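Derivation of every value follows stated rules applied to the coordinates shown; laboratory data play no part. Keep in mind it's a predicted model, so treat the numbers as computed, not measured. Neighbour counts are summed over all protein chains in view; Cβ atoms, including those assigned to glycine, are modelled from backbone coordinates with ideal geometry.
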Amino acid sequence: MIRIIRTLTAAAARAGFYFFVLSVLCGISAQPSDAALFFLSDRNSTASFETETQANHFSWNVDGRQYLKGGVNPGQAFWYRIGDAGPEQSVHTTLPVLAQGATDTNFNGNPETLFVRYGNAALQIDTSYRLNGGLAGSGTSDLTEQISISNLTASPMDFHFFQYADFDLPGPGGDNAVFTNANTVDQFKGAFQLTETVVTPVPSHREVAFFPATLNKLNNAGPDDLNDLPPIGVALGPGDVTWAYQWDVVIPPSSTYLISKDKHITGPQVPEPAAFVLLTIGLGLLLHKRRTR
Ligand SMILES: [Ca+2]
Ligand SMILES: [Ca+2]
Ligand SMILES: [Ca+2]
């Protein structure tokens, strides 16, 4: 009997070990796949997502500094409209989540990639984010995003996709934002800067406005297009600025439309705590040496 229990215990331990190895190899994180709250972490940065509310990407912390407005307000989130008759709809609250999960694709123990699939019988929207933190104390961070929109119907789909972002850069005072060209936005305040480059394709419309003008437009009862203001090269601010992009596309039957973008944060460097500790120890040793002489 004891031998059977020992054999079963050893088998269970082996199974556990194999599952652990499989989890590490597959990059499965400890997060439950049905949770709507996800945390990414990479080097000096963390990013948090609430994928089933308009908050969506609500926190981006770089070297201990917060760059998104957060709370119940959308940080960085998506809306869509099919045709021009009805209002815009929140991707995160009107389309059911079909699959989602955070993975540790570089095997360092922290998930840094998030995948969320929204969809119904006519439409599927896949969003994926990858956080690339900078070195500790560097003040820099990067987030790449891919959005894949599939028309599952047998007819062409007159599709409008909206990306909305409300960053509040660290420190007192308001921010400024400017479209430096048709597919790059630059939000800045002193030494703090956030840029987004749309790698592909160039958006159809864009808008920088003071909170909550654009958000009201996206959540009201009628259809709206972004107003292409201010003109390229003209900054709006200082204040609580938000910015948004709109893509208008007719997606052919059974086809997919891809959007790819990159966000980059630059802030002042932060002295590393580890460097401080080493410096303090070094000074202490120097003083001790002088005293004992
Ligand atoms: Ca990782
Ligand atoms: Ca609207
Ligand atoms: Ca803002």
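Which residues, taken from segment 190-204, are under 21 Å from the mean Cα position of the chain (by Cα) and more than 12 Å from Arg65 (Cβ to Cβ)?
Let us first name the residues in segment 190-204 that are under 21 Å from the mean Cα position of the chain (by Cα), namely 192-203.
Selection gives Gln193, Thr195, Glu196, Thr197, Val198, Val199, Thr200, Pro201, Val202, Pro203.
Any idea which of (1) of a type in the set (Ser, Thr, Tyr); (2) away from ligand 2 (no atom under 16 Å from the Cβ); (3) in a strand (DSSP E or B) is the one Tyr80 doesn't satisfy?
(2)
Residues that are among the charged types (D, E, K, R): list the strands (runs of 3 or more DSSP E) wholly contained in segment 222-267 that include at least 1 such residues.
241-251, 255-266
For segment 158-186, name all the residues that are of a type in the set (S, T, N, Q) and more than 24 Å from Thr256 (Cα to Cα).
Asn176, Thr180, Asn181 - these are the residues of segment 158-186 that are of a type in the set (S, T, N, Q) and more than 24 Å from Thr256 (Cα to Cα).
Quick check on my filter: what residues within segment 91-106 are crowded, with 20+ Cβ neighbours inside 10 Å and touching a residue at least 40 places away in the same chain (Cβ under 8 Å)?
Those that are crowded, with 20+ Cβ neighbours inside 10 Å and touching a residue at least 40 places away in the same chain (Cβ under 8 Å): His92, Gln100, Ala102, Asp104.
Scan segment 208-231 for residues that are surrounded by 15 or more Cβ atoms within 10 Å (Cβ to Cβ), within 16 Å of ligand 3 (Cβ to nearest atom) and of a type outside the set (Gly, Ala, Ser) and report the count.
8
Name the residue, out of Ala191, Ala136, Ala165, that is within 16 Å of ligand 1 (Cβ to nearest atom) and in contact (Cβ under 8 Å) with a residue 24 or more places away in the chain.
The conditions single out Ala136.
Going through Asn108, Asn120, Asn183, Asn132 one at a time, which residue ends up being away from ligand 3 (no atom under 16 Å from the Cβ) and within 15 Å of the chain's Cα centre (by Cα)?
Just a single option satisfies the conditions, and that option is Asn132.
Identify the single condition in (1) surrounded by 15 or more Cβ atoms within 10 Å (Cβ to Cβ); (2) within 16 Å of ligand 1 (Cβ to nearest atom) that Gly109 does not satisfy, given that it satisfies every other one.
The number of the failed condition is (1).
Of the residues that sit in segment 154-168 and are among the small types (Gly, Ala, Ser) and closer than 20 Å to Gly83 by Cβ, which one is surrounded by the fewest Cβ atoms within 10 Å (Cβ to Cβ)? Even if it seems obvious, please write down each step before you answer.
Narrowing segment 154-168 to residues among the small types (Gly, Ala, Ser): 154-155, 165.
After this cut, where a residue has to be closer than 20 Å to Gly83 by Cβ as well, the list is 154-155.
Working: Ala154: 7, Ser155: 9.
Among residues in segment 154-168 that are among the small types (Gly, Ala, Ser) and closer than 20 Å to Gly83 by Cβ, the one surrounded by the fewest Cβ atoms within 10 Å (Cβ to Cβ) is Ala154.
Here is a check on your reading of the model: is Gln100 assigned to a strand (DSSP E or B) and farther than 24 Å from Val249 by Cβ?
yes
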